[in-house]
1. Quick one: pull the percent of accessible area on the chain belonging to carbon and sulfur, 1.4 Å probe, ligands and nucleic acids left out.
2. Output the 0 to 90 degree angle, nearest 10, between the alpha-carbon long axis of helix 563-575 and the longest principal axis computed from the alpha carbons of the chain.
3. Which whole-Hz ³J(HN,Hα) couplings does the stretch 80-94 yield from phi under the Karplus relation 6.51 cos²θ - 1.76 cosθ + 1.60, θ = phi - 60°, glycine and proline marked x?
4. Return the calculated 222 nm mean residue ellipticity for the chain, to the nearest 500 deg cm²/dmol, obtained by summing -39500 (n - 2.57) across DSSP H runs with n ≥ 4 and dividing by the residue count.
5. Excluding ligands and nucleic acids, what accessible area in Å² is computed for T525 using a 1.4 Å probe, to the nearest 10?
6. Heavy-atom accessible area per residue, the stretch 415-554, 1.4 Å probe: how many Å²?
7. Can you tell me the Rg and Dmax of the stretch 453-582, counting just the alpha carbons, in angstroms?
8. Could you order the peptides 302-311, 221-230, 427-436, 135-144 from most to least packed, using the average number of other C-beta atoms within 10 Å per residue?
Amino acid sequence: MSTRPEFPPHVLREYALLADGERGALCGPRGDVSWMCAPRWHDDAVFASLVGGSGACVVTPVDTYVWGGYYETGSLIWHNRWITTDTVVECQDALAFPGDPHRLVLIRRIVAPEKRVTVRIHVDVRVAFGRHPMTDLRRDAGDHLIGHSGPLRIRVSGATDLSIVDGGRLVGEVTVESGRHHDLVVEISDEPLPEPVDADQLWAATRKAWSSGSPDFATSVAPRDARQSYAVLRGLTARTGGMVAAATLGLPERAEAGRNYDYRYVWLRDQCFAAMAVAVGEPGALFDSWARFVVARVLENGDRLAPAYRIDGGDLPPESKVGLPGYPGGTDVVGNWVRQQFQLDSLGEILELLAAAARYDRLDADGVKAASIVIDMIERRWNQPDAGTWELDDNWWTHSRLACVAGLNAFAGVSPRREKARLKELADTILAETTRRCLHPRGFWRRSPEHSGTDALLLLAPVRGALEPGDPRTLATIAAVEDQLTQDGYVYRFAPDDRPLGSAEGAFLLCGFSTAMAMWQQGRTADAFRWFERTRASCGPPGLLAEEYDTTQRQLRGNLPQAFVHAMLLESAQRLSQPYKA
């Protein structure tokens, strides 16, 4: 007989993200931090309640409450705010930022803004997806508790009122007087812990770090959401420059459909999407770090370039299971089989990133060398089948070719005359063959020579410069996407079979934003804003977006938050604020 977990999962729209670049956590409306890996993104979970395991850090009012919350501007400092039958309770949550690769610091400040408040606290660190409880717990000087979970060292500060109970958990209640606060600090490290740091200093340093690197995007059409998307991308980016695709694993795109993946790794394509979003304005340090990571992977791997890597540049582990029930409808998969794929479109995206770096005089000698390697790979492999953006079976995917055309055109624009001519000739060759093989008799781009339907991501290629906005192929594809792949204001990536849209999978939020930019490029301003606003409204109170959206149930689906969706939100929010310039 199964038992109900102590901290069952919520619908995805209710989770907030805490992240420091090196790892991330999800916090639910009960104040339950129920997902976090340590010491880094790709390591095992220490809080695994989200996927049916053990381990969580919970701060919850003792009284009946309703929940809300918000992020501090341009940061991943989250304020849980509960309205009880008597007063207001607040818990400010963050991972100390920027993060240390070896030591995470979860800081939680319980605030009584009006009257005395009492909260329940539960701290249960369990390494290896819940297999190793806390052991050797003992009180240190002051209000610190220290111990271990597996190989990791743990220190909990602000724990005077917490008791050690069976199973190595810390539980108790804390009362905070009106106008006061209480700090709970949880440190987890794979190295000896340093001397404790005062909570006020942690908060001050974290707020300063977030505010010092956050553009305001004041001229975008959605400054608040643009700032928040930038903060999400920043929080997902390690000091190595690698940006993970999402903070989670195994969250289902469709219940029991078997499409469950581990996205705690760096997809080069997604990182290029993020860089192109930032490059709409003046790129800064984050753009440079993303570019350095991509360039390093190209130089290190050459022809063996994989679609994705760990944040330390290492190879992805193969897929396996950890023996947990998983998030409802999903599975407990870790690792990712994408490491064995060839994705041609990523080469085009890398060239676009390097071209953007060159336009802003940020392309160094290593970047030039990386561009040469990528161009050579495109020249030799553009006619080979690949897995494409959607990581399907190998085929002659249209978007992969058009992404290469866009990348070649972009880099031609920053190259010397002789090289420019060579790149343009290669781009024209690829475009001509793609037209011959992939253009539907009705004039729109098909997904591949073997598929009669179109793909909504094909609308991005003209925005990126693969074709002119007024090209008949572009206009016909826009019309085909509107006819075949849109419903109720949302865009689906493609029709996988004969079932109605939404039956096989949810709407793809990435495609909603790319459609908005395609409309903007055509001067269809009202349509552009309609797609943009409908798509960005798919989030819950924390403003996070997953890969898919179930329009019938109005629920997010897939891993959270999805970096390339936030990248597209950021890019489209900026582009829609200005008239299109050819």
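1. On the way: 10210 of 21620 Å².
Within the chain, the accessible surface is 47 percent carbon and sulfur.
2. So the helix axis and the longest Cα principal axis differ by about 60 degrees.
3. Karplus-based 3J(HN,Hα) across the stretch 80-94 equals 6, 9, 10, 9, 9, 6, 10, 6, 10, 10, 10, 10, 8, 10, 6 Hz.
4. Numbers: 14 runs with 185 residues, N = 582.
After summing the helix terms and dividing by residue count, I get -10000 deg cm²/dmol.
5. It works out to around 80 Å².
6. Roughly 42 Å² per residue, with all protein chains present.
7. In Å, with Rg to one decimal and Dmax whole: 13.9, 41.
8. 221-230, 302-311, 427-436, 135-144
The values are calculated or read from the model by the stated rules, or taken from the named source; none is laboratory data. Since the structure is predicted, the reported quantities are computational estimates derived from the model, not experimental observations. Note: ideal-geometry Cβ built from the backbone for every residue, glycine included; neighbour counts use all protein chains shown. Note: accessible area is taken over every heavy atom of the protein model, side chains too, but ligands, DNA and RNA are not part of it. Shrake-Rupley method; radii C 1.70, N 1.55, O 1.52, S 1.80 Å.
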